[in-house]
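A.B. asks: Below is one structure. I have some questions about it.
The values are calculated or read from the model by the stated rules, or taken from the named source; none is laboratory data. This one's a predicted model, so the numbers in the text were calculated from it and none came from an experiment. All Cβ positions, glycine included, derive from the backbone under ideal geometry; neighbour counts span all protein chains shown.
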Amino acid sequence: MDDENLQEYIYDHIPIVKANLFGIAKDGNDTVCVTGAFKDHINHRNSVFGGSLSTAMILASWATVRNILRARGISNGIIVIQSEEVKFMKPVIGDFTARIKHISDDKLRKFTTMLNKFGKARLVLESSITHANSTEVLTTFSGEFVVVVNRD
């Protein structure tokens, strides 16, 4: 799925993403990055609202899980987030990007094996927020996603 179709799908199925003006694009084989403009997410302290940052990292992670499933021919997986942890280290005071940390082949293999064998599996993803065109990590996220294959 190309970037435009991915963003269109997410806008159609998760309307709050469109309302928040997030940009969604592939960032690797399966991974997705989410971008936001400072002016659209500013809070009363002239930094980006923490809820926007959390949402961007959850969205990047959820869309990455979706891409992993689609790349493996699984179109009937129900993806839910079971738990999450967000750490805010520094204020975000400009346009920002949420990126997924590299997922090892071994981790993906185990996830796929469990999903094929039991019809459900868990995958922990980590992501971070940086300012656009920077590598300094300002916020981190770790989320456990559960996928259940809908056999109906």
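A.B. asks: Which of the residues spanning segment 124-144 are small (Gly, Ala, Ser) and buried (at least 16 other Cβ atoms within 10 Å of the Cβ)?
C.D. replies: Passing the criteria: Ser127, Ser128, Ser142, Gly143.
A.B. asks: Kindly indicate whether any position in segment 77-91 is within 16 Å of the chain's Cα centre (by Cα), among the aromatic types (Phe, Trp, Tyr), modelled with pLDDT of 95 or more and within 30 Å of His41 (Cβ to Cβ).
C.D. replies: No, the conditions are met nowhere in segment 77-91.
A.B. asks: Can you say whether Ser75 is in contact with a helix residue (DSSP H, G or I) (Cβ under 9 Å, 6 or more places away or on another chain) and part of a strand (DSSP E or B), as far as the supplied structure shows?
C.D. replies: no
A.B. asks: Restricting attention to segment 54-68, which residues are under 17 Å from Gly94 (Cα atoms) and crowded, with 24+ Cβ neighbours inside 10 Å?
C.D. replies: Looking only at segment 54-68, we keep the residues that are under 17 Å from Gly94 (Cα atoms), and these are 54-57.
Those that are under 17 Å from Gly94 (Cα atoms) and crowded, with 24+ Cβ neighbours inside 10 Å: Ala56, Met57.
A.B. asks: Kindly establish whether Val32 is touching a residue at least 24 places away in the same chain (Cβ under 8 Å), out of contact with any Ser or Thr (no Cβ under 6 Å at 6 or more places or on another chain) and β-branched (Val, Ile, Thr).
C.D. replies: no
A.B. asks: Please find, within segment 119-152, the residue that is modelled with the lowest pLDDT out of those that are over 30 Å from Lys90 (Cα atoms) and out of contact with any strand residue (DSSP E or B) (no Cβ under 9 Å at 6 or more places or on another chain).
C.D. replies: Across segment 119-152, the extreme among qualifying residues is Asp152.
A.B. asks: Considering Gly119, Gly94, which residue is under 25 Å from Ala37 (Cβ atoms) and out of contact with any Gly (no Cβ under 6 Å at 6 or more places or on another chain)?
C.D. replies: Gly94
A.B. asks: Select from segment 21-33 the residues that are more than 13 Å from Lys101 (Cα to Cα) and surrounded by 19 or more Cβ atoms within 10 Å (Cβ to Cβ) and write down the one among them that is modelled with the lowest pLDDT.
C.D. replies: Filtering segment 21-33 for residues that are more than 13 Å from Lys101 (Cα to Cα) and surrounded by 19 or more Cβ atoms within 10 Å (Cβ to Cβ), the one modelled with the lowest pLDDT comes out as Ile24.
A.B. asks: Looking at Ile74, Ile58, which is the one that is more than 14 Å from the chain's Cα centre (by Cα), closer than 22 Å to His102 by Cβ and in contact (Cβ under 8 Å) with a residue 40 or more places away in the chain?
C.D. replies: Criteria check complete, one pass: Ile74.
A.B. asks: Do you know which of the residues in segment 96-106 that are within 28 Å of His13 (Cα to Cα) and surrounded by fewer than 17 Cβ atoms within 10 Å (Cβ to Cβ) is farthest from the chain's Cα centre (by Cα)?
C.D. replies: Within segment 96-106, the match that is farthest from the chain's Cα centre (by Cα) is His102.
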